[in-house]
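Heads up: the structure comes next, in structure tokens.
The values are calculated or read from the model by the stated rules, or taken from the named source; none is laboratory data. Note that the structure is predicted; figures quoted are calculated from it, not measured. Neighbour counts run over all protein chains shown; Cβ positions are idealised from the backbone, glycine included.
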């Protein structure tokens, strides 16, 4: 059974490409996440924002997908739930992409 994940690709307020994921990213749905990253980075060298602010779990394949796509664009900006900042920092993603904690959400 696949873990719930919704992934949308659109343009941010300044026209830059954006991938927004909601749910958890793991082996059961990694292909959906990678497909969205491929769509967002295909044919562009400009910046891409990956909004994972509501994702509370991502496995190593998701981290590897972010690394793979950081080299394909001119500036990968990853916004993550505050719980995941340390994981992405330890992985070294912050060396090839901008990793930023999402602001806390009000209940």
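Quick notes on this structure:
- A search for C-beta distances below 8 Å between a residue of the range 1-16 that is more than 24 Å from residue 57 (Cα to Cα) and any residue that is at pLDDT 90 or above and surrounded by fewer than 14 Cβ atoms within 10 Å (Cβ to Cβ), counting only pairs 6+ apart in sequence or on different chains, returns nothing.
Residues are listed down the side, and each one gets a yes or a no for (1) assigned to a helix (DSSP H, G or I); (2) more than 11 Å from the chain's Cα centre (by Cα):
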residue	(1), (2)
63	yes, no
68	yes, yes
72	no, yes
78	no, no
85	yes, yes
90	yes, yes
94	yes, yes
99	no, no
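Yes/no matrix, rows are residues, columns are (1) out of contact with any strand residue (DSSP E or B) (no Cβ under 9 Å at 6 or more places or on another chain); (2) part of a loop (DSSP other than H, G, I, E, B); (3) buried (at least 20 other Cβ atoms within 10 Å of the Cβ):
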site: 2; (1), (2), (3): yes, yes, no
site: 19; (1), (2), (3): no, no, yes
site: 28; (1), (2), (3): no, yes, no
site: 32; (1), (2), (3): no, no, no
site: 35; (1), (2), (3): no, no, no
site: 39; (1), (2), (3): no, no, no
site: 45; (1), (2), (3): yes, yes, no
site: 54; (1), (2), (3): no, yes, no
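- Of the candidates 76, 84, 58, 52, the single residue that is touching a helix residue (DSSP H, G or I) at 6+ places or on another chain (Cβ under 6 Å), touching a residue at least 24 places away in the same chain (Cβ under 8 Å) and under 19 Å from residue 96 (Cβ atoms) is 76.
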